[in-house]
Amino acid sequence: MTSRTITQTVTFRRPFRLSGLEEILPAGDYLTETEEERLEGLSFSAYRKTMVLVYLPQRPGSAGRTETLWIEPADLEQALAQDKATSGQSG
């Protein structure tokens, strides 16, 4: 199967939680990489998200080490939707 990786920055306006992580993450910009695989047998190009990597900010005292969290695509979408709803944004 053909796959692709999409790198983007997502912004959380309020502190938030992600599935698989006990702590509350601070508001801010987070670099993400979304892995998608091409759906075969269609007459048009379509992809399905298979996983998302979220690069977490450095913690104080971590000596320059960056942490990466693997999450389900739906978990990131849910966290972003909740952030948007609680931030009072539209559209």
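What to note about this one:
- Considering only Arg48, Arg13, Arg59, the mean-square fluctuation computed in a Gaussian network model of the chain, springs between alpha carbons under 10 angstrom, is largest for Arg59.
- Across the chain, the fraction of Cα-Cα pairs farther apart than 15 Å, rounded to a whole number, is 65%.
- Heavy-atom accessible surface of the chain: percent carbon and sulfur, 1.4 Å: 48
- Percent RCO, i.e. relative contact order, over the chain, from Cα pairs under 8 Å lying at least 6 residues apart: 26
- Lys, Arg +1 and Asp, Glu -1 on Cβ, resulting dipole of the chain about Cα centre, debye, nearest 20: 240
- Chymotrypsin sites (Phe, Trp or Tyr not before Pro) lying in DSSP loop within the stretch 1-70, provided at most 12 other Cβ fall within 10 Å: Phe44
- Between the listed residues Gly20, Leu76, Phe44, the Cα displaced farthest toward the positive end of the dipole of the chain, a dipole computed from Cβ unit charges relative to the Cα centre, is found at Leu76.
- Based on DSSP H segments of at least four residues, each scored -39500 (n - 2.57), the chain has a per-residue ellipticity at 222 nm of -5000 deg cm²/dmol.
- Once the chain from Thr66 to Gln82 is taken as fully extended at 0.36 nm per residue, the excess over their C-alpha distance is 3.2 nm.
- Summed over the residues of the chain and divided among them, the accessible surface reaches 68 Å² per residue at a probe radius of 1.4 Å.
The values are calculated or read from the model by the stated rules, or taken from the named source; none is laboratory data. Quick caveat: nothing in here was measured; it's all calculated off a predicted structure. Neighbour counts run over all protein chains shown; Cβ positions are idealised from the backbone, glycine included. Heads up: the accessible areas ignore ligands, DNA and RNA and are worked out on the full protein's heavy atoms, side chains in. Shrake-Rupley method; radii C 1.70, N 1.55, O 1.52, S 1.80 Å.
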